[in-house]
Amino acid sequence: MNMFNRSAAFVFGASLFLGSAAAQAGGTVEVLHWWTSGGEAKAVGELKKTFEAQGGKWIDSPIAGGGGDAAMTALRARVMAGDPPTAVQLKGPGIQEWAKEGALNDVDDVAKKENWDAVLPPALAGIMKYDGKYVAAPVNIHRVDWFWANPQVLAKVGASMPTTWEEFNATADKLKAAGITPLAHGGQPWQDATVFEVVVLGVGGPDFFQKALVELDEKALTSDTMVKSFDQLRKLRGYVDPSFSGRDWNLATAMVMNGEAGFQIMGDWAKGEFLAAGKRPGTDFLCAPAPGNGYILNSDSFTFFKVSGADRLEGQKVLASEIMSPAFQETFNLAKGSIPARIDVPMDKFDSCAVKSHDDLAAAIAANSLVPSMAHEMAIPRTIRGEFLDAVTNFFNSDMSSADAVKALVEGVKRAQR
Ligand code: BGC
């Protein structure tokens, strides 16, 4: 069953204000993560600070590479070598896969004491649990379907934020004619897949997204709507600059900041970059949900691996408790660009993009239009996601037709399911 059962009745906005239990001092954690860009490093620095304030020892194990593909490879090698890190940035079905392999410790005693069930959206809580016990703690909720733009650049062609793909294309054409790169993009498979899923939401809507990218329904995957999605991706390919290949996502964000490009299509970790560079929403940069009337959900969490020894076990408990404390959830998410995973953290210190994300999330839950991110490992197993990334990247970097891309995608998905 898809863990993101969209009819799950989770209640947003309940004000419970349960403080976390006082954390015990001490413990050691080695934390494997991929937060190395400006905004990301600032955010993970908050976690380190919070943990160390409890007397704990933090060993940092960053593995650079947006989207976390390199980190996941490193993780497998560490587990195979019998030397797993204490806590790992990991999410979605990946948590369940590692739990099934017997690779995780649970922190259920902390979760029970602090009543995590009462302060997390049930759909998110479900992902953090294996066999009814918490094996991971969520730090945030990221939205994937965003347009980011430079208002000064848009003003040069008399454009405002687009609300449909037609408007986006029209503005992009004007920017191109004015000699400005319309779309800042980094040609890495996970970034291609991020843009692709945002396009699928916009072209097909949330129900189609759910059928095609989450349920892997063959009719949806082979439909005209999927062909049209690839057509729009082909259009976007025409809006990137010649040096897009291999570029890191944060460098693409910098292109928007510096006025070298009009737009970036990226999750709201991009906002963490703008903020870390001292830019303000509304004046220095604009955010707007991409078309589609949905909400593509991505949530980061730390998963606790099977380590032993009192010091490391203590470290896991203290880290779990700190991650879930309301004060940390506020500070961390103010830096990261995301919103708190806890439903009871006040939003008054957050900017307009975060408030929009928070309100749209509640609306998407009510309208059944919340969908989990395929590109960011919230929806489908890694092996199948890998087939999506291959098909999308091959399409983006060739002159393959949309029909052939659909064929390649369906074959790939079938292969991975065998
Ligand atoms: C993670 C974000 C991260 C981004 C870029 C996403 O998959 O959820 O936390 O900032 O990748 O590295």
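The values are calculated or read from the model by the stated rules, or taken from the named source; none is laboratory data. Note that this is a predicted model, so its numbers are computed, not measured. Cβ atoms come from the backbone with ideal geometry, glycine included; neighbour counts cover every protein chain shown. Accessible surface is based on the protein model in full, side chains and every heavy atom, while ligands, DNA and RNA are left aside. Shrake-Rupley method; radii C 1.70, N 1.55, O 1.52, S 1.80 Å.
What are the residues in segment 168-198 that are of a type outside the set (A, V, I, L, M) and within 16 Å of the ligand (Cβ to nearest atom), if any? Explain how you work it out, then say what you get.
The first filter runs over segment 168-198 and keeps only residues of a type outside the set (A, V, I, L, M), leaving 168-169, 171, 173-174, 176, 179, 181-182, 185-192, 194, 196-197.
Scanning segment 168-198 gives HIS185, GLY186, GLY187, GLN188, PRO189, TRP190, GLN191, ASP192, THR194, PHE196, GLU197.
Checking the structure you have, find out if any residue of segment 274-291 is of a type in the set (Ser, Thr, Tyr), under 27 Å from SER160 (Cβ atoms) and touching a residue at least 40 places away in the same chain (Cβ under 8 Å).
Quick first cut of segment 274-291, residues of a type in the set (Ser, Thr, Tyr) only: 283.
If we keep only those that are under 27 Å from SER160 (Cβ atoms) as well, we get 283.
Remaining after also requiring touching a residue at least 40 places away in the same chain (Cβ under 8 Å): 283.
Yes: one or more hits.
Tell me whether segment 85-98 contains one or more residues that are open to solvent by less than 10 Å² (accessible area, probe 1.4 Å), over 25 Å from GLN188 (Cβ atoms), more than 16 Å from the ligand (Cβ to nearest atom) and in contact with a helix residue (DSSP H, G or I) (Cβ under 6 Å, 6 or more places away or on another chain).
yes
Looking at segment 56-71 only, could you name the residues that are open to solvent by 20 Å² or more (accessible area, probe 1.4 Å), within 13 Å of the ligand (Cβ to nearest atom) and either more than 19 Å from the chain's Cα centre (by Cα) or of a type in the set (A, V, I, L, M, F, W, C) (or both)?
ILE63, ALA64, ALA70
Take the residues in segment 361-410 that are in a helix (DSSP H, G or I) and β-branched (Val, Ile, Thr); name whichever of them is most open to solvent (accessible area, probe 1.4 Å). So that I can check it myself, show each step before the final result.
If we filter segment 361-410 for residues that are in a helix (DSSP H, G or I), which is where we start, we get 361-367, 382-396, 402-410.
Now restrict to residues that are β-branched (Val, Ile, Thr): 365, 383-384, 392-393, 406, 410.
Working: ILE365: 26, THR383: 92, ILE384: 13, VAL392: 0, THR393: 26, VAL406: 10, VAL410: 16 Å².
Going through the qualifying residues, I end up with THR383.
Of the numbered conditions (1) within 16 Å of the ligand (Cβ to nearest atom); (2) in contact with a Ser or Thr (Cβ under 7 Å, 6 or more places away or on another chain), VAL135 satisfies every one except a single condition; which is it?
If we test VAL135 against (1) within 16 Å of the ligand (Cβ to nearest atom); (2) in contact with a Ser or Thr (Cβ under 7 Å, 6 or more places away or on another chain), just (1) comes out false.
Against the conditions (1) over 30 Å from THR283 (Cβ atoms); (2) surrounded by 17 or more Cβ atoms within 10 Å (Cβ to Cβ); (3) in contact with a helix residue (DSSP H, G or I) (Cβ under 6 Å, 6 or more places away or on another chain); (4) of a type outside the set (A, V, I, L, M), where does ASP145 fall short? Just the number, please.
So ASP145 meets the others, but not (1).
Residue-wise test of (1) exposed (fewer than 14 other Cβ atoms within 10 Å of the Cβ); (2) away from the ligand (no atom under 16 Å from the Cβ); (3) modelled with pLDDT under 95; (4) under 25 Å from SER357 (Cα atoms).
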{"site": "LEU18", "(1), (2), (3), (4)": "no, yes, yes, yes"}
{"site": "THR28", "(1), (2), (3), (4)": "no, yes, no, no"}
{"site": "GLU46", "(1), (2), (3), (4)": "no, no, no, yes"}
{"site": "GLY102", "(1), (2), (3), (4)": "yes, yes, no, no"}
{"site": "VAL110", "(1), (2), (3), (4)": "no, yes, no, no"}
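Checking the conditions here, which among GLU114, GLU97 is over 27 Å from ASP344 (Cβ atoms) and in the same structural domain as ALA136 (by TED's automatic domain parsing)? Lay out the reasoning, then the answer.
Details: GLU114 fails: over 27 Å from ASP344 (Cβ atoms).
Just one listed residue meets the conditions, GLU97.
Within the set of pairs 6+ apart or on separate chains, which have a first residue in segment 82-106 that is at positive phi, a second that is within 16 Å of the ligand (Cβ to nearest atom) and not hydroxyl-bearing (Ser, Thr, Tyr), and C-beta atoms under 6 Å apart?
GLY92/GLU377; GLY92/MET378
Filter segment 247-276 down to the residues that are over 19 Å from THR181 (Cβ atoms) and not acidic (Asp, Glu) and list them by number. So that I can check it myself, show each step before the final result.
Step one: of segment 247-276, the residues over 19 Å from THR181 (Cβ atoms) are 267-269, 271-272, 275-276.
Selection gives GLY267, TRP269, LYS271, GLY272, LEU275, ALA276.
Would you tally the residues in segment 309-330 being under 14 Å from LYS349 (Cβ atoms) and either touching a Cys at 6+ places or on another chain (Cβ under 9 Å) or within 16 Å of the ligand (Cβ to nearest atom) (or both)?
If we filter segment 309-330 for residues that are under 14 Å from LYS349 (Cβ atoms), which is where we start, we get 326-330.
If we keep only those that are either touching a Cys at 6+ places or on another chain (Cβ under 9 Å) or within 16 Å of the ligand (Cβ to nearest atom) (or both) as well, we get 328-329.
Selection size over segment 309-330: 2.
Might you check whether a residue that is open to solvent by less than 20 Å² (accessible area, probe 1.4 Å) and away from the ligand (no atom under 16 Å from the Cβ) occurs anywhere in segment 352-360? Let's see the steps before the verdict.
Taking segment 352-360 first, the residues open to solvent by less than 20 Å² (accessible area, probe 1.4 Å) are 353-354, 357.
Narrowing further to those that are away from the ligand (no atom under 16 Å from the Cβ): none.
Taking every residue of segment 352-360 in turn, none turns out to be open to solvent by less than 20 Å² (accessible area, probe 1.4 Å) and away from the ligand (no atom under 16 Å from the Cβ).
Has segment 209-217 got at least one residue that is without any contact (Cβ under 8 Å) to a residue 60 or more places away in the chain, open to solvent by 30 Å² or more (accessible area, probe 1.4 Å) and part of a loop (DSSP other than H, G, I, E, B)? Even if it seems obvious, please write down each step before you answer.
Within segment 209-217, the first condition is being without any contact (Cβ under 8 Å) to a residue 60 or more places away in the chain, and the residues that meet it are 211-212, 217.
Next, only the ones that are open to solvent by 30 Å² or more (accessible area, probe 1.4 Å) stay: 211, 217.
Now restrict to residues that are part of a loop (DSSP other than H, G, I, E, B): 217.
Yes, segment 209-217 has at least one match.
With the requirement that a residue be aliphatic (A, V, I, L, M) and under 21 Å from the mean Cα position of the chain (by Cα), what does segment 237-254 give you?
First, pick out the residues of segment 237-254 that are aliphatic (A, V, I, L, M): 240, 251-252, 254.
Of everything in segment 237-254, those that are aliphatic (A, V, I, L, M) and under 21 Å from the mean Cα position of the chain (by Cα) turn out to be LEU251, ALA252, ALA254.
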